[in-house]
Amino acid sequence: MTYLLDVNVLISLGFKRHDFHERVEAWIQTLPEIRFATCAITELGFVRILAQHPDYDLTVASARDKLKQLKSALGKRLVFITDDVGVERLPAWVKHPKQTTDGHLAALAKTHGAVLATLDAKIPGVFLIPGK
């Protein structure tokens with residue numbers, strides 16, 4: 001099993017002060033043999049949000065460094081999924097523009113035999129990381 005980590009999961013995992021850090025960290029610790037994945041969209045989202053959000057106060061370069069550290073910490077358990085899924089693969093539940101990225105990530109994960117892991121309970125058919 002491979003879990004494609006959503007942007008919200010990457011950010012939570014990368015920052016101990018994040019509200020959901022303990023939740024994500026606990027979930028990952030229960031899966032010692034499971035692989036995790038990123039893709040261009042999730043990595044770019046991580047950098048974009050961290051570089052523009054005032055709570056993080058990072059530059060693009062420092063956000064890239066933070067992502068590199070996070071990926072290094074996951075080590076061999078982390079793979080990169082190449083995005084080769086076109087818009088025609090959007091799930092039928094995508095009805096609004098704000099759902100397009102979530103739908104694309106869910107389709108990308110499925111295409112590569114993975115499951116999108118997220119903290120967003122509004123995305124159908126994905127794995128919602130359990131809370132306490």
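For this structure, a couple of remarks:
- Scanning the range 3-11 finds one or more residues that are of a type in the set (S, T, N, Q), closer than 22 Å to Val126 by Cα and surrounded by 11 or more Cβ atoms within 10 Å (Cβ to Cβ).
- Criterion applied to Leu50, Leu58, Leu74, Leu78 was being in contact with a strand residue (DSSP E or B) (Cβ under 8 Å, 6 or more places away or on another chain) and modelled with pLDDT under 95, and the one residue passing it is Leu74.
- Meets criteria (of a type in the set (D, E, K, R) and modelled with pLDDT under 95) for Glu33: yes
- Any hit, the range 52-63, residues being charged (D, E, K, R) and closer than 20 Å to Leu128 by Cα: no
- Among the residues of the range 80-99, the one identified as surrounded by 13 or more Cβ atoms within 10 Å (Cβ to Cβ) and among the polar types (S, T, N, Q) is Gln99.
- Checked against (1) closer than 25 Å to Ala107 by Cα; (2) in contact with a helix residue (DSSP H, G or I) (Cβ under 8 Å, 6 or more places away or on another chain), Ala51 passes all but condition (1).
- Considering the range 81-106, the residues that are acidic (Asp, Glu) and touching a Ser or Thr at 6+ places or on another chain (Cβ under 9 Å) include one that is farthest from Gly45 (Cα to Cα), namely Asp84.
- Applying the condition of being in contact with a Lys or Arg (Cβ under 8 Å, 6 or more places away or on another chain) and modelled with pLDDT of 95 or more to the range 117-132 and asking which residue is surrounded by the most Cβ atoms within 10 Å (Cβ to Cβ) yields Ile129.
- Hey, Arg77 in contact with a helix residue (DSSP H, G or I) (Cβ under 8 Å, 6 or more places away or on another chain), surrounded by fewer than 18 Cβ atoms within 10 Å (Cβ to Cβ) and farther than 14 Å from Val7 by Cβ or not: no
The values are calculated or read from the model by the stated rules, or taken from the named source; none is laboratory data. Just so you know, these numbers come straight off a predicted model, no measurement behind them. Because the Cβ atoms are built from the backbone with ideal geometry, glycine has one as well, and the counts that use them run over all protein chains shown.
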